[in-house]
Amino acid sequence: MEKVIVEIYVAGHNYCAHAPMLHGCISTASTLEDMKKNFKEAIEFHVETSIRENDPIPDVFKREYELEFIVFNDSLKNVYL
């Protein structure tokens with residue numbers, strides 16, 4: 001199963017995520033757990049909409065994949081310092 005990297009940053013008091021291989025797909029949430037849940041839903045919506053509109057999607061989203069969430073520590077400095 002191929003992994004899809006999801007980058008998570010802290011933006012103010014929220015988390016913000018995007019997958020570099022899926023342009024335009026982003027999500028935010030106030031907790032990390034909600035962020036992960038929301039982003040899975042955002043990917044599903046983005047892919048379904050792209051297919052319906054005949055927009056190209058990366059091949060990985062045409063089969064089973066696993067999300068790998070990476071939290072960037074530099075963005076956490078603004079929250080805890």
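Values quoted throughout were computed directly from the atomic coordinates according to the rules given, and no laboratory measurement underlies them. What you see is a predicted model, and the numbers here were worked out from it, not measured in a lab. All Cβ positions, glycine included, derive from the backbone under ideal geometry; neighbour counts span all protein chains shown.
Pop out the ³J(HN,Hα) list for segment 9-17 in order, Karplus 6.51 cos²θ - 1.76 cosθ + 1.60 with θ = phi - 60°, rounded to Hz; leave Gly and Pro as x.
So the Karplus estimates, Gly and Pro as x, are 10, 9, 10, x, 9, 10, 9, 10, 10 Hz.
Given H placed 1.01 Å from N in the peptide plane, which residues other than close sequence neighbours of F69 have an amide H under 5 Å from its amide H?
Amide H neighbours of F69: V6.
Can you tell me which of 39-51, 15-27 comes out highest on packing, and rank the rest after it, using the mean Cβ neighbours within 10 Å?
15-27, 39-51
What does the charge count near L67 come to, summing +1 for each Lys or Arg and -1 for each Asp or Glu among other residues with Cβ under 12 Å from its Cβ?
Result for the local shell: -3.
Given that just one value was derived from the coordinates, which of (i) 13.4, 46; (ii) 14.9, 47; (iii) 15.1, 44 is Rg and Dmax of the Cα atoms in Å?
Of the listed options (i) 13.4, 46; (ii) 14.9, 47; (iii) 15.1, 44, (i) comes from this structure.
Given only helices, namely DSSP H runs of n ≥ 4 each adding -39500 (n - 2.57), what is the per-residue ellipticity at 222 nm of the chain, to the nearest 500 deg cm²/dmol?
Dividing the helical sum by the residues of the chain leaves -11500 deg cm²/dmol.
In debye to the nearest 20, how big a dipole does the chain give about its Cα centre with +1 on each Lys and Arg Cβ and -1 on each Asp and Glu Cβ?
Approximately 160 debye in magnitude.
Taking 35 Å as R0, compute the FRET efficiency from the Cβ-Cβ separation of D59 and S30 and round it to 0.05.
Efficiency, rounded to the nearest 0.05: 0.55.
Against the longest alpha carbon principal axis of the chain, how many degrees, from 0 to 90 and to the nearest 10, is the axis of helix 32-52 turned?
20
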